[in-house]
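Here the structure is laid out as C-alpha cells; the discussion comes afterwards.
The values are calculated or read from the model by the stated rules, or taken from the named source; none is laboratory data. Remember, it's a predicted structure, so these values are computed and weren't measured experimentally. Note that we place each Cβ from the backbone using ideal geometry, even for glycine, and neighbour counts take in every protein chain shown. SASA here: full protein model, heavy atoms, side chains in, ligands and nucleic acids out. Shrake-Rupley method; radii C 1.70, N 1.55, O 1.52, S 1.80 Å.
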Amino acid sequence: MGMSVDSYANVLAEYRTRNIRASEDVLKKGIFILERNGLGKLGSEAWPFLEQLALAALDLGRLDIANECISRLDKQFVGSPRVECLQGIRLEFKGAYDDALAMYQAILEVDPQIPYAIWKRKISVLRQSGKIKHAVDELITYLDAFYTDPEAWLELADIYASMSLYLQSLSSLSHVLLLIPQNPFYVLQAAETAYTALDIPLALKFFLRSVEMVPEGGASTRGWYGVKLCARRLLSSLPTSLDAVATSSASETPLPSAHHLALLDQLATERLLAAYSTSSPSSAASKTASVSASLAGSVAADAREVLIRWLQGK
C-alpha cells in the first residue's frame, strides 16, 4: 500500500476498529495526513482520528501535535466529556496530577454515569501520585458499578500485591478468573500469587489447571515448574508435619495424598527435563560456527545440568 492520505487513513481506521494503540505508527501517519491537509477528506472520521492522534502524541511526548488535535476537538465538541478526558490526560503528561484529578472529579460530579474511561483515569492518577489508599477505595467503588471489567480487577490485584497484601490480591484475581476463565496466564498469575501467599495447596491446584490448559510451550513450562515447587515443598513437610505453613490452606483447599504428590513431583520432573532437553547445546554453534555461539552453548549446557540436578534432588 502506497503512501497517501487515503491509505494511511485506512490503516489508522483499522487500528481504531481493532483497538490497537501503535503510537509510533499512528503519530507518523497522522502527521503525514495533517501536513497534507488531509483532514477534510476524512469526513466524519476526522474526529476519532484526531482523538487517536492526540493520544499517540501524548504517548510519545509530542505536546505540539496533541495541543493541535485537542484544540480542534474542543472547538467542535464544546463541553464533551471525551475531549475533557483528553485535556486531563494532557495535564497528567505535564505532571499536574492535582489539576487532572480536579478535572476528572468535576466531570464525575456533573454526571456519575459519564463514560467509565474518565473514572479509570482518575484511579490511574491517584495511583501515579502515590495516593494508594484512595486509589483502592475508588477502584472498589468503580467495581461495584462495573463488576465485569477484568482490567480493573487486575489493577486492584496488582495494587494489593505491591502492598504485599497477597490474600487480597488473590481474591481480586478470583474475580478475573470468573470473568475470563479461559486465559491460562491469569491462572498462572493466581497460582504464583497463591504460592507467595503461602497457600501452597491452592497454588498447586492453579498450576495444574494452567498446564491442563496449555500442554506445551513457555506457559506450560512455567506451570510445571510451579507444580514441582509445590509438590516438593508439600512432600518435604509431610513426614514430620513440622512445616504447618506449607500444608495449611487459607482457602481450605484439600491437600493431595503423599502418593499423589510423589506422582506429581515425578511427572513435573519428566516434563521439565523434556522441555529443557529439546535442543542440543552444540546445535547453535554448528549453525553459526562462531566462538560466541560455542560459549553460549557451553553456558546453556551448564545451566541445563544445574537444572537437572535440582529436578532430581541431587
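Collect the residues in segment 120-155 that are among the hydrophobic types (A, V, I, L, M, F, W, C) and surrounded by 17 or more Cβ atoms within 10 Å (Cβ to Cβ), keeping them in residue-number order. Residues satisfying the conditions are ILE123, VAL125, LEU126, ALA135, VAL136, LEU139, LEU143, ALA152, TRP153, LEU154. When you scan segment 27-76, how many residues do you find that are crowded, with 16+ Cβ neighbours inside 10 Å, more than 13 Å from ASN10 (Cα to Cα) and of a type in the set (Gly, Ala, Ser)? So the answer is 4. The set of residues from segment 224-243 being without any contact (Cβ under 8 Å) to a residue 40 or more places away in the chain, within 22 Å of LEU170 (Cα to Cα) and either part of a loop (DSSP other than H, G, I, E, B) or open to solvent by less than 30 Å² (accessible area, probe 1.4 Å) (or both) comprises GLY226, CYS230, ALA231, LEU234. LEU101 fulfils the conditions (1) under 20 Å from ALA66 (Cβ atoms); (2) in a loop (DSSP other than H, G, I, E, B); (3) open to solvent by less than 70 Å² (accessible area, probe 1.4 Å) except for a single criterion, (2).
Would it be correct to say that ASP158 is charged (D, E, K, R), farther than 25 Å from LEU261 by Cβ and either open to solvent by less than 30 Å² (accessible area, probe 1.4 Å) or free of Cβ contacts under 8 Å to residues at least 60 places away in the same chain (or both)?
Details: charged (D, E, K, R): yes; farther than 25 Å from LEU261 by Cβ: yes; either open to solvent by less than 30 Å² (accessible area, probe 1.4 Å) or free of Cβ contacts under 8 Å to residues at least 60 places away in the same chain (or both): yes.
Yes: the conditions hold for ASP158.
The sole residue among THR221, THR193 that is at pLDDT below 95 and among the polar types (S, T, N, Q) is THR221. Take the conditions of a type in the set (Gly, Ala, Ser), out of contact with any Ser or Thr (no Cβ under 6 Å at 6 or more places or on another chain) and open to solvent by 40 Å² or more (accessible area, probe 1.4 Å) and apply them to SER80. Does it pass? Against the criterion (of a type in the set (Gly, Ala, Ser), out of contact with any Ser or Thr (no Cβ under 6 Å at 6 or more places or on another chain) and open to solvent by 40 Å² or more (accessible area, probe 1.4 Å)), SER80 does not qualify. Among the residues of segment 76-86, is any charged (D, E, K, R) and modelled with pLDDT under 95? Yes, because at least one residue in segment 76-86 is charged (D, E, K, R) and modelled with pLDDT under 95. Is one or more of the residues making up segment 207-223 without any contact (Cβ under 8 Å) to a residue 40 or more places away in the chain, touching a Phe, Trp or Tyr at 6+ places or on another chain (Cβ under 7 Å) and not in a helix (DSSP H, G or I)? Checked segment 207-223: no residue is without any contact (Cβ under 8 Å) to a residue 40 or more places away in the chain, touching a Phe, Trp or Tyr at 6+ places or on another chain (Cβ under 7 Å) and not in a helix (DSSP H, G or I).
Among the residues in segment 61-72, are any modelled with pLDDT of 95 or more, closer than 30 Å to PHE146 by Cβ and small (Gly, Ala, Ser)? Looking for residues that are modelled with pLDDT of 95 or more, closer than 30 Å to PHE146 by Cβ and small (Gly, Ala, Ser), one finds at least one in segment 61-72, hence yes.
Out of THR221, THR196, which single residue is β-branched (Val, Ile, Thr), under 28 Å from THR269 (Cα atoms) and open to solvent by 60 Å² or more (accessible area, probe 1.4 Å)? So the residue among THR221, THR196 that is β-branched (Val, Ile, Thr), under 28 Å from THR269 (Cα atoms) and open to solvent by 60 Å² or more (accessible area, probe 1.4 Å) is THR196. The single condition from (1) assigned to a helix (DSSP H, G or I); (2) open to solvent by 30 Å² or more (accessible area, probe 1.4 Å) that GLY95 fails is (1).
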